[in-house]
4 protein chains.
Amino acid sequence: MKESILKHQSGEPLEICIKGQKIGRSHFTMIAGPCTIENYEDLHTVAVELKKMGIHFFRGGAYKMRTSPYNFQGLGKTGLEYIKKVADETGMISVSEVVSVEDVEMIKEYVDILQVGTRNMSNYRLLLKLGKVKNPVIIKRGFSSTIEEWLLAAEHVIEAGNPNVILCERGIRTYETYTRYTLDISAVPAIKELSNLPIIVDPSHSSGRREMIKSLSWAAVAAGADGLLIETHFSPDNTVCDSKQTIDLEILKDIIKGNNKLLNLWNKN
Amino acid sequence: MKESILKHQSGEPLEICIKGQKIGRSHFTMIAGPCTIENYEDLHTVAVELKKMGIHFFRGGAYKMRTSPYNFQGLGKTGLEYIKKVADETGMISVSEVVSVEDVEMIKEYVDILQVGTRNMSNYRLLLKLGKVKNPVIIKRGFSSTIEEWLLAAEHVIEAGNPNVILCERGIRTYETYTRYTLDISAVPAIKELSNLPIIVDPSHSSGRREMIKSLSWAAVAAGADGLLIETHFSPDNTVCDSKQTIDLEILKDIIKGNNKLLNLWNKN
Amino acid sequence: MKESILKHQSGEPLEICIKGQKIGRSHFTMIAGPCTIENYEDLHTVAVELKKMGIHFFRGGAYKMRTSPYNFQGLGKTGLEYIKKVADETGMISVSEVVSVEDVEMIKEYVDILQVGTRNMSNYRLLLKLGKVKNPVIIKRGFSSTIEEWLLAAEHVIEAGNPNVILCERGIRTYETYTRYTLDISAVPAIKELSNLPIIVDPSHSSGRREMIKSLSWAAVAAGADGLLIETHFSPDNTVCDSKQTIDLEILKDIIKGNNKLLNLWNKN
Amino acid sequence: MKESILKHQSGEPLEICIKGQKIGRSHFTMIAGPCTIENYEDLHTVAVELKKMGIHFFRGGAYKMRTSPYNFQGLGKTGLEYIKKVADETGMISVSEVVSVEDVEMIKEYVDILQVGTRNMSNYRLLLKLGKVKNPVIIKRGFSSTIEEWLLAAEHVIEAGNPNVILCERGIRTYETYTRYTLDISAVPAIKELSNLPIIVDPSHSSGRREMIKSLSWAAVAAGADGLLIETHFSPDNTVCDSKQTIDLEILKDIIKGNNKLLNLWNKN
C-alpha cells in the first residue's frame, strides 16, 4: 500500500474525547449491549448492568440492515428515543448504526457515536455526510474489503471534515464456514502500522458463535486492539436477533477480568 | 437455498419491454458504452457507432463510486443531461448507475434503466426506493455476495413494488489476483434455475483486462446469459477511467459476430 | 506475473500426439468417463458408448484421494488392469490419476495419460517424478492455487524432462457455497496468454451439480478451452462417488452437438 | 460439522510426552528456529540461544517445498544430520518437515517431531505413512482447508496407528494481500471445541511480516493456543529464505515475556 494515499492518518495517535471518556491508542474502550433494541426496559436493564461493571459505552440497534425483506427491520425512531433516554439516565455513551444518508441529521441528535455497518463501508455518500457531523464515527470493515479500502473509507469521512473516526474489524468473508466470518486479527497490527486511528474489534459478528467470544476478545486485546464491541444481553437466548452470538453478563465479567491482565502488554488503561 | 425465501421469482420467465425492446430469457440484450461520461461529444459518438452495429442499449456513468476520495467522481447532473440528450437523439435506451437513495427521484427522469452498483447491492434503503419507480433496475452482484443474498436484494425491489429487475454478474472477489475479480460463470445457470429474472454478464469489471473480454463474453453467452454489459469506447486508451478493461469498437464487432453463432444454443434472438 | 519465471512455456503452442490423436490449441479434446472405476463391465460399457459418439479419450479413477479415512479409496491395481484392458479393446486413450510418487512407475504402464489431482498440484516430488516418464500429464489446478503457482507446477514437470503437460481448470475455492467450487473461466484466456500448454476444463468438479454441466461446458469451449474433462456414466444415480455431478450419455450428446457450433469460434477441430 | 466423523479425537485432552517435555492443553510449547538450515554453525548458534531462553524445541527445514523449480530446495540429508547433531548436543527436541512419503523412514531417525506442511495436508499417502511411525506429527492446516478437512487429515494419521498428532494453524488464503495469508485465530477455540489434539499457531507464515509476529503470537496465546511455532534467527536479514517474516532473538525474548502474563488465562505452564 502506498501510504501516501492517506493524507490524514499519520502522526500522533488520534485521541477522541467524549463525555469525559477517551478513545485511542493509550486507552481501552469496551462497548457492549444488545444487537437490536426490542423495548425500553431491556435496554435500560442491560445498560445499568454494564455500568456496574465499569463499562461506559453501550450499543443497541434501532435501524437494521437485513438481507431478507421479510425480516425484522428494527424499531426505528422509537429505538433512538430509548437510546437517548438510557444514555441520559445512566450517563453512558451510546453507539448505534446509521444505515442511510437521509437519517444522519436525525440520528446524530439521539446517539453519541454513529456506526457505519459492514455493508455500508463503501457507501461513499453516507461517509461524506458523516464527515459533516460532530459525532465520532465507527467504521466497520466491509466484510470483503481490503485494509487499504477500509482506510480509504475513513479518509472519505476525515477529508469531508470529521476527524473522529474509529475503525472496527468485524471479520471477513472466506471459504471457511465453521465461523460466520473469519476474524482478521492481523488487521489490528496492520492498522496500527498504517494509521493513527483507534482500532477496535467485534468478536460477535466475526464468529457468530457465543462460545468463542472470550477467546477472540482476549486475542484482540493481546494483539493490541484499542477496544472491543461485544453483543451482550442479560438473557441472550430470548433475543430476536443474533442470539447465537450474544453473550450473557457473566461471560462479559470473565472477559473483563482477563482483559485487565492483558492491557499492560500495550500500556493501556 | 430454500427457494421458499423468494416470493416473487418463480413461474414464467420475466420479460421486460422498454421502448420496443424486450429483455428476458428469449432475447439477447447487448449494452455497451464508456465507463464514465467525459463530455457530450464522445458519448454521442460512441452511441451512434453502437447503433450502427444494431445495438439498442448504451451505458455511461454520471455518478461514480470511488474508493479514494481523491479520484474523479463523475460529471453528476451534467452527465445525466448528456445521457438524456443522446438517448433522445438516437432513440436508444440508456443505462446508468444511481449511487444513493436521494438521487433516485431525479435520475429516473433522465435515464431509462437504473443500475445498482456492486458496492450498493446491500444498500437496502436504495433498493426500497427503486421499488417505488417504474424504470427497470439492473442489480449488479455484490462482489462478495452469495447468489442467495443477490436474489434477496432483487426481492427487496420487487416486494417494494417494481417487478422489472435484471441481475448482472460482474465477478466476485477471490484470492486470485491475475484478474481484478473472478467471473462466476456458474452464476448464470444458477440464476436461471432459481429465479425468473433476466441474468446478464459484465466481463469488463470481472476481469479488468481488455484482452479477455471476447473470451468471457462468448463464455457468458454460451452459458446461457440473457445479455452482456461491456465497457466500450472508440479510443479506450484515452479514457479517464477503467481504460485497461475497455474495448474498442472493432473488438465489439468481433464479439457480436461470434454471439450470432451462439444465440441459437439457447433459442435466443 | 513475470513471464520470465517460465523457461519452457513460450513459443509455438504445444501439440501432443498420442495414439494418433492430437491435443493442443488447434484441436478439441473430449475426455469422459466415470469418477471411480467400480468394475470392469461398467467401465467397458461407458467406454464403448463414448467411442460411438466419436470420443477418443476415457477417464476412470483407480486410486482416490479421499478427505475422510472412512471413505472408499478406489480399486487400486485391479482398477488399473481394467483401464488397460478397456483401452486395448477399444483402441481408446485412457486417463487416470496418480496419487503418490511411489505409484508412478507402475501406473505409467497401465494408463496413457497420467493426471495430477487438485490436492497434489503442489506435491513437487510427484511432479519431478512425472518429469521422468514419457506419458503426457494432466495437471489439475490446485483449488486454491494462483495461475502463477499452477504454471510453476507445470514448469516442475517440464524442467524435469517431460514436455507433454496439459493444464486443467477445475474450479477454485471461494466463499460461494451454491456450487462446490467456483469455475474460474478467466483462467482459460489467461493460460492461453501466458503459456503454450493446452488448457482443458473440468465442469464436473467445479460445480458439483449435474444440471450445470451443459452450460459450463459450452462456456469453456466458447472461452477457447482446448478440451473438456467430464464425469459421465450410463447411470449416474447408481454410482458410488460424485453421482450428483455425473451426467448421463444423453446430456453428453447434447453437449457435443453444441460444441460443434462453437469450435469454429477458435478455429479448432 | 458432524463430530461423529471423528472416531479418535474426543475425550480427555491428548498429552504428548517427548524427552521429558509435555505438549497438550495444560502446557505451552514454544518452537523456534530458522526457516531453512543453511549450515551447521548457524543452526547450532540459534539452538543454543533458544535454550538459554528456556526453549526446549527448535525447528529447521532440510527439505523445502518450493513453488518454483528454480528456487533453493534445502540441504536434504546433510540438513538432517545437522539437526540430529544439534539435538544431541543441546538435549533439545527437533522439529522438521517431511515432504514426501518415501523420505519418512529415513527422516524419522534424525528428527524428533515430523511436520506435514500446508501443501501436504491432503497428501493422504504421506499421512498414512506417518500413522506407522512413533514420532509425534505436526499437521499444518492446508492454506485453503476447512477446519473439518484438517481434523480429517489428523484422523488419517491416528486411524493408521499414530495417536500423537499436533495441529498447527498457519494462516489461510483470502482476498487480503497486505498479509501473506490470513491467520484464522478462530481456529484455536474451534479446535479446542471439536478435538482433543494440541493446537499451536505459526504467526510467521500467516503474516509474512516480521513486525506483526509479536502481536499475533500474543493473540494466539490469549486465544488459548497450546504453543507457538516461530521462525527465528540471530540475523534474519542474512537468511536465504523467508527473511521478511523471521524475527531476531530480541523480539523472541519480548514475546516470551508477554506470554508469561498470558498463560495463566488458560491455566497453562
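If only residues of the range C:223-240 that are in a loop (DSSP other than H, G, I, E, B) and within 17 Å of the chain's Cα centre (by Cα) are counted, the one that is surrounded by the fewest Cβ atoms within 10 Å (Cβ to Cβ) is C:G224. When you check C:K244 against the structure, is it away from chain B (no Cβ under 11 Å), farther than 27 Å from C:L152 by Cβ and of a type in the set (K, R), yes or no? Judged against the criteria, C:K244 is a match. A count restricted to the range A:149-191 and to residues that are of a type in the set (D, E, K, R), under 23 Å from A:L114 (Cβ atoms) and more than 7 Å from every other protein chain (Cβ to nearest Cβ) stands at 2.
Close Cβ contacts (under 6 Å, 6 or more residues apart or on different chains) running from residues in the range A:203-227 that are at the interface with chain D (Cβ under 9 Å from one of its Cβ atoms) to residues that are in a loop (DSSP other than H, G, I, E, B) and aliphatic (A, V, I, L, M) comprise A:S206/A:L183; A:L216/A:L183; A:A219/A:I185; A:A219/D:I185; A:A223/A:I185. Scanning the range A:117-136 for residues that are outside any loop (DSSP other than H, G, I, E, B) and over 15 Å from A:I200 (Cβ atoms) yields A:R119, A:N120, A:Y124, A:R125, A:L126, A:L127, A:L128, A:K129, A:L130. In the set (1) in a loop (DSSP other than H, G, I, E, B); (2) surrounded by 24 or more Cβ atoms within 10 Å (Cβ to Cβ), the condition left unmet by C:A153 is number (1).
When the range C:40-75 is filtered for residues that are away from chain D (no Cβ under 14 Å) and of a type in the set (S, T, Y), the ones remaining, listed by number, are C:Y40, C:T45. Identify all residues within the range A:241-263 that are in a helix (DSSP H, G or I), of a type in the set (A, V, I, L, M, F, W, C) and buried (at least 16 other Cβ atoms within 10 Å of the Cβ); write none if there are none. Within the range A:241-263, A:L249, A:I251, A:L252, A:I255, A:I256, A:L262 meet the criteria.
Pick out the one residue from B:E193, B:E176 that is in contact with an Asp or Glu (Cβ under 8 Å, 6 or more places away or on another chain), free of Cβ contacts under 8 Å to residues at least 24 places away in the same chain and either assigned to a helix (DSSP H, G or I) or closer than 18 Å to B:A47 by Cα (or both). It is B:E193. If you go through the range C:27-78 and keep only what is in contact with a strand residue (DSSP E or B) (Cβ under 9 Å, 6 or more places away or on another chain) and either of a type in the set (S, T, Y) or under 25 Å from D:L130 (Cβ atoms) (or both), you end up with C:T29, C:T36, C:G61, C:A62, C:Y63, C:K64, C:M65, C:F72, C:G74, C:L75.
For the criterion of being without any contact (Cβ under 8 Å) to a residue 60 or more places away in the chain and over 21 Å from D:D202 (Cα atoms), A:N238 passes.
Only a single item in (1) more than 13 Å from chain B (Cβ to nearest Cβ); (2) touching a Gly at 6+ places or on another chain (Cβ under 6 Å) is not met by C:W266, and it is number (1). Name the one entry in B:T90, B:T78 that is exposed (fewer than 14 other Cβ atoms within 10 Å of the Cβ), more than 16 Å from the chain's Cα centre (by Cα) and of a type outside the set (D, E). So the residue among B:T90, B:T78 that is exposed (fewer than 14 other Cβ atoms within 10 Å of the Cβ), more than 16 Å from the chain's Cα centre (by Cα) and of a type outside the set (D, E) is B:T78.
Would you check if D:E89 is charged (D, E, K, R), part of a helix (DSSP H, G or I) and farther than 24 Å from D:K19 by Cα? Against the criterion (charged (D, E, K, R), part of a helix (DSSP H, G or I) and farther than 24 Å from D:K19 by Cα), D:E89 does not qualify. Of all residues assigned to the range B:21-31, at least one qualifies as being touching a residue at least 24 places away in the same chain (Cβ under 8 Å), hydroxyl-bearing (S, T, Y) and crowded, with 18+ Cβ neighbours inside 10 Å. Taken as a whole, the structure leaves B:E38 outside the set of residues that are touching a residue at least 60 places away in the same chain (Cβ under 8 Å) and touching a helix residue (DSSP H, G or I) at 6+ places or on another chain (Cβ under 7 Å).
From the list C:I16, C:I83, the one residue that fits, being at pLDDT 95 or above, more than 24 Å from C:S217 (Cα to Cα) and within 16 Å of the chain's Cα centre (by Cα), is C:I83. All of (1) surrounded by fewer than 24 Cβ atoms within 10 Å (Cβ to Cβ); (2) more than 9 Å from chain D (Cβ to nearest Cβ); (3) aliphatic (A, V, I, L, M) hold for C:L128 with one exception: (2). Based on this model, can you work out whether A:D184 counts as buried (at least 24 other Cβ atoms within 10 Å of the Cβ) and either over 19 Å from D:D184 (Cα atoms) or among the charged types (D, E, K, R) (or both)? Against the criterion (buried (at least 24 other Cβ atoms within 10 Å of the Cβ) and either over 19 Å from D:D184 (Cα atoms) or among the charged types (D, E, K, R) (or both)), A:D184 qualifies.
Yes/no matrix, rows are residues, columns are (1) of a type in the set (D, E, K, R); (2) within 30 Å of A:Y82 (Cα to Cα):
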| position | (1), (2) |
| --- | --- |
| A:K7 | yes, no |
| A:S10 | no, no |
| A:E15 | yes, yes |
| A:K19 | yes, yes |
| A:R25 | yes, no |
| A:M30 | no, yes |
| A:P34 | no, yes |
| A:L43 | no, yes |
| A:A47 | no, yes |
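Could you tell me which numbered condition B:R66 fails, if it satisfies all but one of (1) within 22 Å of B:G227 (Cα to Cα); (2) without any contact (Cβ under 8 Å) to a residue 12 or more places away in the chain; (3) not in a strand (DSSP E or B); (4) not β-branched (V, I, T)? It fails just one condition, (1).
A quick yes/no check of all residues on (1) acidic (D, E); (2) in contact with a strand residue (DSSP E or B) (Cβ under 8 Å, 6 or more places away or on another chain):
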site	(1), (2)
C:R141	no, yes
C:S144	no, yes
C:H156	no, no
C:P163	no, no
C:E176	yes, yes
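Of everything in the range D:192-202 that is under 15 Å from A:T179 (Cα atoms) and more than 7 Å from chain A (Cβ to nearest Cβ), the residue that is nearest to the chain's Cα centre (by Cα) is D:K192.
Within the range D:85-125, the residues that satisfy the criterion of being within 14 Å of chain C (Cβ to nearest Cβ) and touching a strand residue (DSSP E or B) at 6+ places or on another chain (Cβ under 7 Å) are D:E97, D:V98, D:I107, D:V116, D:G117, D:T118, D:M121. Please indicate, with yes or no, whether at least one residue in the range A:40-54 is crowded, with 23+ Cβ neighbours inside 10 Å and assigned to a strand (DSSP E or B). No, the range A:40-54 contains no residue that is crowded, with 23+ Cβ neighbours inside 10 Å and assigned to a strand (DSSP E or B). Select from the range A:222-245 the residues that are of a type in the set (S, T, Y) and farther than 30 Å from A:S26 by Cβ and list them in ascending order. Residues satisfying the conditions are A:S235, A:T239, A:S243. If the condition is being in a helix (DSSP H, G or I) and within 12 Å of chain B (Cβ to nearest Cβ), then the range A:137-148 contributes only A:E148.
The values are calculated or read from the model by the stated rules, or taken from the named source; none is laboratory data. None of the values given here were measured: they were computed from a predicted structure. Note: ideal-geometry Cβ built from the backbone for every residue, glycine included; neighbour counts use all protein chains shown.
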